[in-house]
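The values are calculated or read from the model by the stated rules, or taken from the named source; none is laboratory data. Note that the structure is a prediction, hence the values are computed from the model and not measured. Heads up, the Cβs are rebuilt from the backbone with ideal geometry, glycines too, and the neighbour counts pull from every protein chain shown.
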Amino acid sequence: MKLKLENVSKVFGDKKAVDNVTTELTSGVYGFLGANGSGKTTLMRMLAAVSMPTSGVISLNGEDISDMGARYRDVLGYLPQHIGFYKSFSVEKFLQYIASLKGLEKREAKERIAELLEMVNLSESKKVKMGKLSGGMKQRVGIAQALLNDPKVLIVDEPTAGLDPKERIRFRNLLAEIASDRIVLLSTHIVSDIEYIAKEILIMKDGRLIQKDTPQNLMKHIASNVWSVDASDAEIPSYQASYKVGNITRRAEGIDLRIISEKKPAPQAVNVPVNLEDLYLYYFDEEVGA
Amino acid sequence: MSLFKWELKKIFQQKTIYIVAVFLLGFLSLNAFDREDRSANREVYREWAGPFTAGKLEKANKLNEELTKKLPENEDLGVLSARERVEYGLGETLAYSQNSVDQAKNAMARLDKRIKKAEAKGDDSAVSKLKLEKQMFSKVEVNTFAYHDAPQEVVDTVNTFGLVFSGLLLVVGLAGIYSNERSSGVENYILSAKNGREKIMRAKLYAAFLYSLAVVVVWELYSLGVWTYLYGTDGWNLPIQYSFKYYFSPYSMTFTEYHFMQMGLHLLATLALAGVIVIVSMISRSSMIALFGAGVVFGFPVFVESMLGMEDGWVNKLLTYSLTNIMKVEGLFMNFKSVSLLGMPVIAPYIGIAVSIIILALAVYFTRFLIVRKQVA
Ligand SMILES: Nc1ncnc2c1ncn2[C@@H]1O[C@H](COP(=O)(O)OP(=O)(O)OP(=O)(O)O)[C@@H](O)[C@H]1O
Ligand SMILES: [Mg+2]
């Protein structure tokens, strides 16, 4: 299975929200990183067939998805960034409605809904009205609806927003489990969501896709740029003014700053192993540093 | 559950439609039951029902004279009994009916004159129109008299209460059919789902049409119920010319025949309005805008007409065939109206039917055209 984007752009007025993106996705989880407003949602909407590229072509196994129409949507699961619902529908009824939309048979739908409610840990709340759910619970209903038709292409836009740590881990495991034979594209601002399950990471900046590689390669790429520096309280502001500063850890013997920098920030600085957090800072924390 | 049932459910679950319906039905009831008692009319008219004769008119006028003697100086009718009051006015009523008979005859004579004039001018299209009108008038027969309050009110309810009820309930009930999904964000799921475009569109249209039918059936049953309860079932076989509004109508029809035609046309135009509202809902950015837009589609013709008054310009001619006016129906039947197509005069009701069908077809076509291209806001 191959989802291919060729020179895909989306323009709103004079704003290029997605700028000439070309790439290819095959089975597995793709983590999608990018600062606010970098164009992730816009790109995912086009992949979810709810929006059309201003120019360029998206194809699944060589066939333009806009020509495939209902056949493409049949293999698609989509969780939008901002989930909508009918307040007066119960969780179960809402899922039944989406099941009808996805063309599931009644019996099939019933079984599948029970299974998914179990999976997202909402079986107890199936009779609760959507309007009465907490943010994280709504999000889980959103995840369940995306999976109703057992999609081959799963587009999830910040699926873990609002989930508590336990549910977040549950979701991560769920994705890892199902991703083997399908394409999953997951956007997030929380790198730990994708750290261990992403086959590749896509990095978006100002509408352009600036990186697409395995987490290992990406981290290798910046291996010599991550430093640990011992500092005193008084020194922190000056480091922050001239470098990208990550975690600040207070220890008994002093303060440890994590700094992303091409050159050694201080004589006592030592290179430390890279994590995805650093990657994020490296690409997106622009305001500080030279 | 099928998509159609879901859509139907979403329409009928809206509380506002019930509030509006109850409010309007209450209004009709207040209006109807707040009238003077007409049972004396029914009783007296029944005694006088039947073909016109000169003798009857004379008798009625004599009765009027006798009762006049009973009246005090200030001619206060209060001294008369209910029955006597009806008898007092009977002469006038009969004279009016007699006039209807004459009107048909006079119309023929007038038309003959106008045909001659048009022929002299060589205006072929006018001649064929006038000839058609004359031919239609020749079939109008107004020569029996009967009590006819019930059919007159039922027929008149279509263009007053019925129009408002159908229009408002369609606007309120259908404006959200697509826009609510945009406002709530559910649109994202729908448009990305297999059946979320063409199939659901069909389901929505069918649901909208069924809802429209239900709306029309509700007010019609209510109107028939109320007016039959108040005025009975007399008069349905009388020609429509007995209703003041149709005095000049060239259509030879009984109230029963006309009312069927009225309801058919009203329903057809209402379905077309439903189609247009669905499109408005689909292209609106929010539910509020959709509601406003749908209101404008329905109310605009009425608004423009009230601005222009009765002036006989092309705008008014065009507006005769606006959906709102077709839903009103009466404008197509009260007078002879026609449009020349390829030199042939086509009478207004046919134009009304054609316009409704064309708008309905276009609405369905554009809904389909738009839905495959629809994007989230
Ligand atoms: N419908 C629209 N009309 C106009 N501009 C838009 C529209 N949708 C998105 N944009 C603009 O396109 C850019 C990309 O937005 P997008 O929502 O895709 O970013 P994002 O990466 O998903 O951000 P976030 O992390 O905040 O979700 C932004 O500048 C946004 O203002
Ligand atoms: Mg986004």
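Anything in the stretch A:147-191 that is among the hydrophobic types (A, V, I, L, M, F, W, C), more than 16 Å from ligand 2 (Cβ to nearest atom) and within 13 Å of chain B (Cβ to nearest Cβ)? List them, or say none. A:147, A:148, A:153, A:154, listed by residue number. Checking B:133, B:153 one by one, the residue that is in the same structural domain as residue B:240 (by TED's automatic domain parsing), on the phi < 0 side of the Ramachandran plot and in contact (Cβ under 8 Å) with a residue 60 or more places away in the chain is B:153 and no other. Of the helices (runs of 4 or more DSSP H) lying entirely inside the stretch B:1-103, the ones with 1 or more residues being within 29 Å of residue B:226 (Cα to Cα) are found at B:3-12, B:15-33, B:39-48.
Taken over the stretch A:101-112, the criterion of being within 13 Å of chain B (Cβ to nearest Cβ) and surrounded by fewer than 24 Cβ atoms within 10 Å (Cβ to Cβ) is satisfied by A:103, A:104, A:105, A:106, A:107, A:109, A:110. For the stretch B:184-213, the set of residues classified as surrounded by 19 or more Cβ atoms within 10 Å (Cβ to Cβ), within 13 Å of chain A (Cβ to nearest Cβ), under 19 Å from residue B:284 (Cα atoms) and in contact (Cβ under 8 Å) with a residue 40 or more places away in the chain consists of B:187, B:188, B:191, B:197, B:200, B:201, B:204, listed by residue number.
Yes/no matrix, rows are residues, columns are (1) exposed (fewer than 10 other Cβ atoms within 10 Å of the Cβ); (2) acidic (Asp, Glu); (3) in contact with a Lys or Arg (Cβ under 8 Å, 6 or more places away or on another chain):
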{"site": "B:38", "(1), (2), (3)": "no, no, no"}
{"site": "B:41", "(1), (2), (3)": "no, no, no"}
{"site": "B:57", "(1), (2), (3)": "no, no, no"}
{"site": "B:63", "(1), (2), (3)": "no, no, no"}
{"site": "B:74", "(1), (2), (3)": "yes, no, no"}
{"site": "B:79", "(1), (2), (3)": "no, no, yes"}
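Within the stretch A:1-42, the set of residues being near ligand 1 (Cβ under 8 Å from one of its atoms), of a type in the set (A, V, I, L, M, F, W, C) and either without any contact (Cβ under 8 Å) to a residue 60 or more places away in the chain or within 22 Å of residue A:178 (Cβ to Cβ) (or both) comprises A:12 only. In the condition set (1) away from ligand 2 (no atom under 16 Å from the Cβ); (2) touching a helix residue (DSSP H, G or I) at 6+ places or on another chain (Cβ under 9 Å), residue A:204 is compliant with all but (1).
Condition check: within 11 Å of another protein chain (Cβ to nearest Cβ) and away from ligand 2 (no atom under 16 Å from the Cβ). Does residue A:74 satisfy that?
Against the criterion (within 11 Å of another protein chain (Cβ to nearest Cβ) and away from ligand 2 (no atom under 16 Å from the Cβ)), residue A:74 qualifies.
You will find that of B:30, B:25, B:57, B:94, the residue that is touching a residue at least 40 places away in the same chain (Cβ under 8 Å) and in the same structural domain as residue B:233 (by TED's automatic domain parsing) is B:25 and no other.
Screening the stretch A:136-163 for residues that are in a helix (DSSP H, G or I) and within 16 Å of ligand 1 (Cβ to nearest atom) and picking the one that is farthest from residue A:108 (Cα to Cα) gives A:139. Scanning the stretch A:47-87 for residues that are in a loop (DSSP other than H, G, I, E, B), within 16 Å of ligand 1 (Cβ to nearest atom), among the β-branched types (Val, Ile, Thr) and surrounded by 15 or more Cβ atoms within 10 Å (Cβ to Cβ) yields a count of 2.
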